[in-house]
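All remarks here apply to the structure that follows.
The values are calculated or read from the model by the stated rules, or taken from the named source; none is laboratory data. Predicted model only: the values in this text are computed from it and were never measured. Backbone-built Cβ (ideal geometry, glycine too); neighbour counts: all protein chains shown. When the accessible area is computed, the model is the full protein with side chains, heavy atoms only, and any ligands, DNA or RNA have been set aside. Shrake-Rupley method; radii C 1.70, N 1.55, O 1.52, S 1.80 Å.
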Amino acid sequence: MDMTPFLKFAAEHVAVGIHAVDLKGKTILYNNKMKEIEGFDFEELVDRSLLEMFRFDQHESTLLQVLQTGEAVFNAKQTYWNRKGQQITTLNDTYPIYSKGKLIGAMEMSRDVTTLEKVVYQPLKKYEEPITFNSITAVSNSMRKVLETAEKAAATKLPVLLIGESGTGKELIAEAIHWASSSKGQLYTLYCHGTNGELIDQLNKNLSAKSGGTIYCERIDLLSRPLQIQLLKMAQDQMSGDTYFIASVGEDPVELIASNKLSKELYYFFSAMTIKLEPLRNRKEDIQPFIDDYLSRHRMNFGSMVRGLDDEVKKLFMAYDWPGNLKELELLLDEITSLITTQEHISLNLLPSHFKSKAMNKTALAPEDFIIRSGRELLPLDDYLFEAEMYYLQKAMDLHGGNVTKAAAALGMSRQNLQYRLRKIKKNEAQT
């Protein structure tokens, strides 16, 4: 009997995350539970190595450790930041995979303990020092307005709703509001992705036993409607004490309410003060100050010599749309500075190949560019259709932050069809 259908069914329905890679760190298997834990689709991982997709050092990855040693690792606790800027904590059992006595890869089985970690409400740990309004550089008019409104929110201690795409820095504004407010205690984050009713009940009990603090409810729009109602009741109960509530959503709350993704009552509770963070592509004047601050901290912490970008990299950074916003820029800088030795300026050869291929291929074209080109009056029809398709598909991907599923839905095609077309475009670019 062929066991393959049974094994596939088991892999997709088992209650632990499964992630298998080959010897190069390329993803071979990534099941539904692992997608739930980390938020990726298999298609996002299949062409990337582990170090490209997750923010951890090579020695901290149990999968890579097993690939190097050929020995299993059990009950390894791993906390890391993925490319979407989410902090994840898992307990992993990782096994080497052999075929005919030869090591061919590794498989990790992960139990998600992120939400269990949040029961004790660990404060944000991305930065070693507290994030205050003084430590956030605001050059653009939109960011200056954000900080101005946030300071008023901190003074009044009214509930705050932060609105913005993933990676725009909502958690930094939440922390700055906390430190500027009169709220006693620590800032804790409730990651709504993966939260369940038991955790919210436990949060309610723990808050009742504590002397206040600030609770940042990250992405309340990711909660189911029953859990949104449960969170609202808990927040209303705790507001009579010294607990301060801040929340965030990833899209326009009015559209979320209209699409039944956000409870109107929960929105009303947090919308006493609403603060919208613009995506980085709409405030590119904030890029250079952010880089300057990052490199300043790097010199202080690691004694490096790096002081800035060379002119080519500056132009590339300013032309790029940054679909992952500040988080994408920060993770890119993390990756670049890990390779820095004595360099004083970041040059093109220090940029990761995956970023260069993505950024340098996204030259801005106007529709008329497909028809008229210098040196010839008209493009051949096949060339025109191909370039028009490239332009349109890339615009759809940019609009949806590189999410294949969302872009395919917007284009009215299957995800598999869009992936095929994108691979065809990628292959053509490689040949040219």
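Based on protein heavy atoms only, the range 206-319 ends up with 48 Å² per residue of surface accessible to a 1.4 Å probe.
Remark: the Cα gyration tensor places the range 147-281 in the oblate category, a/c being 1.5 or greater and a/b not exceeding b/c. Beyond 17 Å, what share of the Cα-Cα pairs of the range 198-275 is found? Please give it as a whole percent. More than 17 Å apart: 41 percent of the Cα pairs in the range 198-275.
Sort 141-147, 102-108 by packing, meaning the average of other beta carbons within 10 Å per residue, with the highest value first.
Ranked by mean Cβ neighbours within 10 Å, highest first: 102-108, 141-147.
Its residue count N fixes a reference of 2.2 N^0.38 Å for the range 288-366, and the Cα radius of gyration divided by that reference is 1.08.
Here the calculated FRET efficiency for Thr156 and Lys100, from their Cβ-Cβ distance with R0 = 45 Å, stands at 0.10, rounded to the nearest 0.05.
His298 contributes about 20 Å² of solvent-accessible surface, heavy atoms of the protein only, 1.4 Å probe. For Asp334, the solvent-accessible surface computed with a 1.4 Å probe is close to 30 Å², ligands and nucleic acids excluded. Given 37 °C and 0.692 mPa s, how large is the Stokes-Einstein diffusion coefficient of the range 236-283 in µm²/s, with Rh as the Kirkwood radius over Cα pairs? The diffusion coefficient I find is 263 µm²/s.
Beyond 19 Å in Cα-Cα separation lie the following of the pairs Lys170/Lys314; Lys264/Lys327; Lys358/Lys424; Lys8/Lys424; Lys170/Lys395: Lys170/Lys314; Lys264/Lys327; Lys8/Lys424; Lys170/Lys395. Put Glu251, Glu335, Glu328, Glu151 in order of accessible area, highest first, and with a 1.4 Å probe you get Glu151, Glu251, Glu335, Glu328. Computed with a 1.4 Å probe on the full set of protein chains, the accessible area for Thr132 sits at about 50 Å². Here the range 200-327 exposes an accessible surface that is 49 percent carbon and sulfur, computed with a 1.4 Å probe and the other protein chains kept in place.
Here each label is just a point 7 Å from Cα along the line to Cβ, and for Glu36 and Lys358 those points are 2.7 nm apart. Measuring r between the beta carbons of Thr341 and Lys233 and using R0 = 41 Å, the FRET efficiency lands at 0.15. In this label model, Gln416 and Lys314 are separated by 4.9 nm, measuring between points 7 Å along each Cα→Cβ vector. Ranking Tyr244, Tyr98 from most to least accessible surface, computed with a 1.4 Å probe over the protein chains only, gives Tyr98, Tyr244. The listed residues Arg219, Arg283, Arg111, Arg307, once ranked by accessible area (1.4 Å probe) with the largest placed first, stand as Arg307, Arg111, Arg219, Arg283.
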